[in-house]
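> If you scroll down you'll find the structure; I have some questions about it.
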Amino acid sequence: MKTIWKSKGKKVVQGVCSGIFFLLSCPAVVQAAQEGGGHPARYATFWALIPPVIAIVLALITKEVYSSLFIGIVAGGLLYSDFHFEKTVMHVFQDGIVSVLSNTYNVGIIVFLVVLGTIVALMNNAGGSAAFGRWAGEHIKTKTGAQLATIALGVLIFIDDYFNCLTVGSVMRPVTDGHKVSRAKLAFLIDATAAPVCIIAPISSWAAAVSGFVEGEDGLALFVRAIPYNFYALLMIFTMVFMVVSKMDFGPMALHEKNAAEGDLFTTGRLKSEERKREENPKGKVIDLLIPIMSLVICCVIGMVYTGGFFSGEDFITAFSQSDASVGLAVGSFFGLLITVLLYQIRRVLSFRKCMDCLVEGFRAMVPAILILTMAWTLKAMTESLGAKEFVAAGMTMVAGDLQKLLPAVIFLVGCFLAFATGTSWGTFGILIPIVVAVFAGSSHELMIISISACMAGAVCGDHCSPISDTTIMASAGARCEHVNHVSTQLPYAVLVAAVSFVSYIVAGFTQSAWIALPVAFLLMGVTLFVIRRRESNRLTN
């Protein structure tokens, strides 16, 4: 049966691809290009959100992310050019793929990915990962303990979500594999301790981004005051811990965990065949993993505050708030790599030649993530060229006046949808937070804080649900999990927490008190999880 469905999925992808390429090459649909400059005919309309919707729906149906993203990109090019062949091709490649790969921020993230992949390869070949796995096997006795250790490490690495995803994945993967935790569950634990932790940590690249979007206000102070209202992040962490401790899973994740208990950590996906057994280095010790990871954390923090002007006289918080995460992570990871190579040379656990071979191995390991990221960035460029931000901003401005107390819940939904469709949390902040500040300036300060928090929570929720989100892609890469498997298993959990968060924002809008809204949110979440647990228990016993 699975083979039949896979075959059908491939036929669907091939059919859609063929249809689009036929449309591109068919002279009947080639219309005259718009005269002069300016925006395309469909600019800032609902059509701007169609390309990401196409890509996401195709990815979820066919389980094939590369062609789905590319079809979404081509759809964006077609809509932008009004189905003009030459203009479509140039927009997709010149304004899309080439442009995003020329962007300095994106290049910095790619450099960080490659360097981090190299450090992971070095730790594996030096025997550090295996030694840590043996140590963890002696001290972490249960599957629940392995998952709680993953959560604890994710919470500790709150500086940046990219760094969190890849570091936690590389450190904990051998441990969770040993306790038969599915790769999909590992990817969920990584993802749920990345953005949700960063968005409630005052010292993080996310706090810096949010603070930068609040003009005319003390951005960092607003961020701190918004933490108790960030229901999605707080409830997601609560839900994750509850499910691990109670050993409860539902939806597609339950199947992955059942198969993992029987020895199949992947359930489906090509990555299963890519996992190769390597000869264990007998010289490896736990310090061969701990020192590189600690060096990486310290160097990346120093790199980020350096870009924010810490060494030019700025205080630590200010330097962090105005840091360039891309440059900071790239520079920091490079020095972390140098320290790692130097350590292994001093300890004589790896020859210099083998260290250099790890550059290729690390790059190869990150190719799938880089490819998906490049296409996701290109798809974002297509939606931006069609005016997706302006469409959503106009809609928000229209409804802002009449729904003041319901506005936090409305903003949460809009943030979810926008981040889901565009795959960017920070872009969602950039669109919605200035609107929120403008709407509530000089009126209800508490309602403004709740609405800013709703914007952040919605952005993180949409980011969690979206297959084209950077953080979702990074979590898949960190866990070495098939990307669509991660998205499909995480989606029911994210939607459940989003539903409770939506109700909580209605309560917060009317009470305007964190002392009332936050306990209500946790109570609702606890009751919901208890009901699901009872239902799952009854289903298994019947």
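The values are calculated or read from the model by the stated rules, or taken from the named source; none is laboratory data. Source: prediction; values computed, not measured. Neighbour counts are summed over all protein chains in view; Cβ atoms, including those assigned to glycine, are modelled from backbone coordinates with ideal geometry. Ligands, DNA and RNA are stripped out before the accessible areas are found, and what is left, the full protein with its side chains, is counted by its heavy atoms. Shrake-Rupley method; radii C 1.70, N 1.55, O 1.52, S 1.80 Å.
> In the set SER476, SER501, which member is under 14 Å from the mean Cα position of the chain (by Cα), hydroxyl-bearing (Ser, Thr, Tyr) and open to solvent by less than 10 Å² (accessible area, probe 1.4 Å)?
SER476 is the lone residue from the list that is under 14 Å from the mean Cα position of the chain (by Cα), hydroxyl-bearing (Ser, Thr, Tyr) and open to solvent by less than 10 Å² (accessible area, probe 1.4 Å).
> In segment 329-356, which residues are in contact (Cβ under 8 Å) with a residue 60 or more places away in the chain and not in a loop (DSSP other than H, G, I, E, B)?
Passing the criteria: LEU329, ALA330, SER333, PHE334, GLY336, LEU337, THR340, VAL341, TYR344, ARG347, LYS354, CYS355.
> Name the residue, out of LEU540, LEU523, that is at pLDDT 95 or above, open to solvent by 60 Å² or more (accessible area, probe 1.4 Å) and assigned to a helix (DSSP H, G or I).
One residue alone meets the criteria, LEU523.
> Against the definition (at pLDDT 80 or above, in contact with a helix residue (DSSP H, G or I) (Cβ under 8 Å, 6 or more places away or on another chain) and in a helix (DSSP H, G or I)), how does ALA59 come out, yes or no?
Answer is no for this residue.
> Only one of these is open to solvent by 30 Å² or more (accessible area, probe 1.4 Å) and in contact (Cβ under 8 Å) with a residue 24 or more places away in the chain: LEU432, LEU491, LEU529. Name it.
Result: LEU491 is the single residue among LEU432, LEU491, LEU529 that is open to solvent by 30 Å² or more (accessible area, probe 1.4 Å) and in contact (Cβ under 8 Å) with a residue 24 or more places away in the chain.
> Follow-up. Please go through segment 314-328 and give me each residue that is in a loop (DSSP other than H, G, I, E, B) and open to solvent by 70 Å² or more (accessible area, probe 1.4 Å), ordered by number.
Those that are in a loop (DSSP other than H, G, I, E, B) and open to solvent by 70 Å² or more (accessible area, probe 1.4 Å): GLU314, ASP315, GLN322.
> What number goes with the only condition from (1) of a type in the set (Val, Ile, Thr); (2) crowded, with 19+ Cβ neighbours inside 10 Å; (3) in contact (Cβ under 8 Å) with a residue 24 or more places away in the chain that VAL53 does not pass?
All conditions are met except number (2).
> Just one of ALA421, ALA459 is crowded, with 18+ Cβ neighbours inside 10 Å, within 25 Å of PRO252 (Cα to Cα), at pLDDT below 85 and in contact with a helix residue (DSSP H, G or I) (Cβ under 8 Å, 6 or more places away or on another chain); which is it?
ALA421
> Based on this model, can you work out whether GLN94 counts as at pLDDT below 85 and more than 24 Å from HIS486 (Cβ to Cβ)?
no
> What residue, among those in segment 88-117 that are of a type in the set (A, V, I, L, M) and open to solvent by less than 20 Å² (accessible area, probe 1.4 Å), is nearest to SER170 (Cα to Cα)?
Per the stated criteria, the residue is LEU116.
> Among the residues of segment 290-298, are any in a loop (DSSP other than H, G, I, E, B), buried (at least 17 other Cβ atoms within 10 Å of the Cβ) and at pLDDT below 85?
No - not one qualifying residue is present in segment 290-298.
> Just to be sure, is ALA126 under 27 Å from LYS258 (Cβ atoms) and crowded, with 17+ Cβ neighbours inside 10 Å?
No, not satisfied.
> Report yes if some residue within segment 232-244 is at pLDDT 85 or above, touching a His at 6+ places or on another chain (Cβ under 9 Å) and in a helix (DSSP H, G or I); otherwise report no.
yes
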